[in-house]
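> Provided herewith is a single structure, encoded as structure tokens, for subsequent inquiry.
The values are calculated or read from the model by the stated rules, or taken from the named source; none is laboratory data. This structure is a prediction, so every number in the text was calculated from the model and none was measured. Cβ: placed from backbone, ideal geometry, glycine included. Neighbour counts: every protein chain shown. These area figures cover heavy atoms from the full protein model, side chains too; ligands, DNA and RNA do not enter into them. Shrake-Rupley method; radii C 1.70, N 1.55, O 1.52, S 1.80 Å.
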Amino acid sequence: MNRKRLIVGASGASGTPLLIEVLKSIREDPTWESTLIMTDGAKLTASYETDLTLQEIYALADHVLEPEAIDAGPASGSYRTAGMLVVPCSMKTAAGIHSGYADNLLLRAADVTLKEGRPLVLCARESPLSAIHLRNLYELAMIPGVRIIPPMLTYYHDPKSIEEMAAHTAAKLLEPFGIEKRGYRRWQEVRDA
Ligand SMILES: Cc1cc2nc3c(=O)[nH]c(=O)nc-3n(C[C@H](O)[C@H](O)[C@H](O)COP(=O)(O)O)c2cc1C
């Protein structure tokens, strides 16, 4: 069986636990596989935000590519994918995608995703957001296929822990690709329970 391939980019915004949750969820679905690209910023942030080593994070992905590998598969439209998710997405990476400044493999893969008209989901995270951040995100959101899904807190599903809150956000990030995260309770299901 040919599995659907999702490129998962991680940049240096806060949110390593979300990346981990997303990779675990893709792993649980036998119809999908992940190609992980972590920027140097993502690796640094991860060192503050998880007890997992970089190798342990890599082990959660099916394929791992380094950001310097600008000649790797995702640098070309001929690398077939069902789209790309950037989690977390820093304001620097959002700016790079916005301007087409593709100087690492993550940015190039996002650039290719856009030029090929494939879905691109950005888990953009910063606080507060400046006018520059908002302008970049707004203009990105206007491109067909681009979804800005920031890691916003939600309470309506009655999360009992920060892990449950993160799992809910991870489910929302995977939803646009049709990946159903186990245990995800949408508002309607919560309301009707
Ligand atoms: C612990 C830590 C947390 C950070 N959180 C954010 C953040 O939430 N949003 C953001 O835009 N940048 C954040 N940064 C700054 C980025 O990591 C920095 O701008 C970096 O150059 C981004 O590069 P990249 O997009 O290539 O990974 C953080 C940095 C550190 C060390």
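> Output the number of residues of the range 18-37 satisfying the condition of being open to solvent by less than 60 Å² (accessible area, probe 1.4 Å) and in contact (Cβ under 8 Å) with a residue 40 or more places away in the chain. Spell out how you get there, then give the answer.
The first filter runs over the range 18-37 and keeps only residues open to solvent by less than 60 Å² (accessible area, probe 1.4 Å), leaving 18-23, 25-26, 29, 31-37.
Now restrict to residues that are in contact (Cβ under 8 Å) with a residue 40 or more places away in the chain: 18-22, 25-26, 29, 32, 35, 37.
Qualifying residue count for the region: 11.
> Sticking with this structure for a sec: Here are some residues: 7, 70. Which one is in contact with a helix residue (DSSP H, G or I) (Cβ under 7 Å, 6 or more places away or on another chain) and open to solvent by 60 Å² or more (accessible area, probe 1.4 Å)?
The conditions single out 70.
> If you don't mind, another one. Has the range 100-117 got any residue that is within 20 Å of residue 179 (Cβ to Cβ), away from the ligand (no atom under 12 Å from the Cβ) and of a type in the set (Val, Ile, Thr)?
Yes, the range 100-117 contains at least one residue that is within 20 Å of residue 179 (Cβ to Cβ), away from the ligand (no atom under 12 Å from the Cβ) and of a type in the set (Val, Ile, Thr).
> May I pose another question? Looking only at strands (runs of 3 or more DSSP E) that lie completely in the range 80-158, which have at least 2 residues being open to solvent by 20 Å² or more (accessible area, probe 1.4 Å) and in contact with a helix residue (DSSP H, G or I) (Cβ under 6 Å, 6 or more places away or on another chain)?
Values: elements: 84-89, 120-124, 146-148.
Of the strands (runs of 3 or more DSSP E) lying wholly inside the range 80-158, those with at least 2 residues that are open to solvent by 20 Å² or more (accessible area, probe 1.4 Å) and in contact with a helix residue (DSSP H, G or I) (Cβ under 6 Å, 6 or more places away or on another chain) span 146-148.
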